[in-house]
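The structure under discussion appears below in the form of structure tokens.
The values are calculated or read from the model by the stated rules, or taken from the named source; none is laboratory data. Remember, it's a predicted structure, so these values are computed and weren't measured experimentally. Here the Cβ positions follow ideal geometry from the backbone for every residue, glycine too, while neighbour counts run over all protein chains shown.
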Ligand code: G3H
Ligand code: 13P
Ligand code: ZN
């Protein structure tokens, strides 16, 4: 099966009323863990690579890892997505490399830190949509800014998404999916207490969904930061301070109101760190890296399988035949704004 496009996978998720996990990967163990999880629960899956991931692994390694994944799991619709493209040229490079979906994050300037103005965001996103759709590739845009700067991405200022501006943005850009800012942030330190309705603006998702029922929403910063993982890391010598993530129940509420792509990076990182610390501590005389990386890969798999199930994607891998990029390009040519 060819790599799937985000547009097709999210269109199908909307029909089925579920969400699809988008998991960040930087190396072979993460890719294998994520894809094996999708196979075990029979779910479509989105693997996303940030610019940091591409520079860590190397572009060719990342591309070939995903090709290997698609060959190993031909029964699974797998999307290869660029996470937080900082400028159109980065998105164009990813498309050349074989990504079937790109995020143009025009909510920030190309430094990845300074909030942009609206006209800039519309212009860069529209340019990417035009070029991507001609090749059948899907595009995610972002409106509003997340909080948090700990992973080096973001301004630290939160600007929640304005629903009326979202309507104008989708109309002017033709994005397939819209990342909305509702009070989440990247990384492990999102909230100092379990977030209430005042902290997480879930009502914005409902409002945007009413105004844009055919637009797929994306929740960034959606790791749940399980206490159990934080405790295990600290028990094994880690020093994480008390923190709270996004409760899965809030994500499930979002899915009922049009959230279709849920970005999870930190939970995979925590699970891998817990597994590595425990295994290293438990076997001080061991020096075969496979002894450490196998449990780490298994930990990534468990997180991905659990989230795919919680988001309702389990059991949906075989619902449809994946369309190729030329087939998607034809769909976009028939219906230029969006493709449904
Ligand atoms: O956007 C944030 C993702 O968690 C990716 O993080 O840039 O450190 O790979 P990264
Ligand atoms: P987390 O840090 O909550 O996993 O968010 C990841 C993300 O949004 C990647 O774009
Ligand atoms: Zn993000």
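Looking at region 94-104 only, could you name the residues that are touching a helix residue (DSSP H, G or I) at 6+ places or on another chain (Cβ under 9 Å) and either over 27 Å from residue 266 (Cα atoms) or crowded, with 17+ Cβ neighbours inside 10 Å (or both)?
Just the residues of region 94-104 that are touching a helix residue (DSSP H, G or I) at 6+ places or on another chain (Cβ under 9 Å), to begin with: 94-95, 97-104.
If the condition is that a residue be touching a helix residue (DSSP H, G or I) at 6+ places or on another chain (Cβ under 9 Å) and either over 27 Å from residue 266 (Cα atoms) or crowded, with 17+ Cβ neighbours inside 10 Å (or both), then 94, 95, 99, 100, 101, 102, 103, 104 are the ones that fit.
Quick one: what pairs do we get from region 67-87, first residue within 15 Å of ligand 1 (Cβ to nearest atom), second modelled with pLDDT under 95 and part of a strand (DSSP E or B), C-beta under 9 Å, 6+ apart or different chains?
84/108; 86/108
Please work out which residue is farthest from residue 293 (Cα to Cα), limiting yourself to region 36-49 and to residues that are touching a residue at least 60 places away in the same chain (Cβ under 8 Å) and within 16 Å of ligand 3 (Cβ to nearest atom).
Out of the qualifying residues, it is 46.
Any residue at all in region 201-220 that's away from ligand 2 (no atom under 16 Å from the Cβ) and on the phi > 0 side of the Ramachandran plot?
No; the residues of region 201-220 include none that is away from ligand 2 (no atom under 16 Å from the Cβ) and on the phi > 0 side of the Ramachandran plot.
From 119, 132, grab the single residue that is closer than 29 Å to residue 182 by Cβ, more than 20 Å from the chain's Cα centre (by Cα) and more than 16 Å from ligand 3 (Cβ to nearest atom).
Working: 132 fails: more than 20 Å from the chain's Cα centre (by Cα).
After applying the criteria, what remains is 119.
How many residues does region 8-35 contain that are in a loop (DSSP other than H, G, I, E, B) and either within 16 Å of ligand 3 (Cβ to nearest atom) or surrounded by 20 or more Cβ atoms within 10 Å (Cβ to Cβ) (or both)? Quick ask: steps written out before the conclusion?
Restricting attention to region 8-35, the residues satisfying the condition of being in a loop (DSSP other than H, G, I, E, B) are 17-19, 25-27.
From what is left, the residues that are either within 16 Å of ligand 3 (Cβ to nearest atom) or surrounded by 20 or more Cβ atoms within 10 Å (Cβ to Cβ) (or both) are 18-19, 25-26.
Looking only at that region, the number is 4.
Can you tell me which residue within region 62-93, out of those that are closer than 19 Å to residue 129 by Cβ and surrounded by fewer than 23 Cβ atoms within 10 Å (Cβ to Cβ), is nearest to ligand 3 (Cβ to nearest atom)? Step through it out loud before you land on a result.
Initial filter on region 62-93 (closer than 19 Å to residue 129 by Cβ): 79-93.
Checking which are surrounded by fewer than 23 Cβ atoms within 10 Å (Cβ to Cβ) leaves us with 86-90, 92-93.
Values: 86: 12, 87: 16, 88: 18, 89: 20, 90: 15, 92: 20, 93: 19 Å.
Of everything passing the filter in region 62-93, 86 is nearest to ligand 3 (Cβ to nearest atom).
Might you let me know whether region 228-235 holds any residue that is touching a helix residue (DSSP H, G or I) at 6+ places or on another chain (Cβ under 7 Å) and more than 16 Å from residue 303 (Cβ to Cβ)?
no
Answer with yes or no whether residue 268 is in contact (Cβ under 8 Å) with a residue 60 or more places away in the chain, more than 15 Å from ligand 2 (Cβ to nearest atom), surrounded by 15 or more Cβ atoms within 10 Å (Cβ to Cβ) and within 26 Å of residue 39 (Cα to Cα).
Values: in contact (Cβ under 8 Å) with a residue 60 or more places away in the chain: yes; more than 15 Å from ligand 2 (Cβ to nearest atom): no; surrounded by 15 or more Cβ atoms within 10 Å (Cβ to Cβ): yes; within 26 Å of residue 39 (Cα to Cα): yes.
Against the criterion (in contact (Cβ under 8 Å) with a residue 60 or more places away in the chain, more than 15 Å from ligand 2 (Cβ to nearest atom), surrounded by 15 or more Cβ atoms within 10 Å (Cβ to Cβ) and within 26 Å of residue 39 (Cα to Cα)), residue 268 does not qualify.
I need the full set of residues from region 140-160 which are at pLDDT 95 or above and either away from ligand 3 (no atom under 15 Å from the Cβ) or over 27 Å from residue 93 (Cα atoms) (or both), in order please.
Step one: of region 140-160, the residues at pLDDT 95 or above are 140-143.
Within region 140-160, no residue meets the criteria.
Of the residues 114, 100, which single one is closer than 18 Å to residue 263 by Cα, more than 15 Å from ligand 1 (Cβ to nearest atom) and touching a residue at least 12 places away in the same chain (Cβ under 8 Å)?
On the way: 114 fails: closer than 18 Å to residue 263 by Cα.
It is 100.
In region 202-225, how many are more than 16 Å from ligand 1 (Cβ to nearest atom) and under 18 Å from the mean Cα position of the chain (by Cα)?
Residues of region 202-225 that are more than 16 Å from ligand 1 (Cβ to nearest atom), as a first pass: 202-217.
From what's left, under 18 Å from the mean Cα position of the chain (by Cα): 205, 215-217.
Adding up the residues that qualify gives 4.
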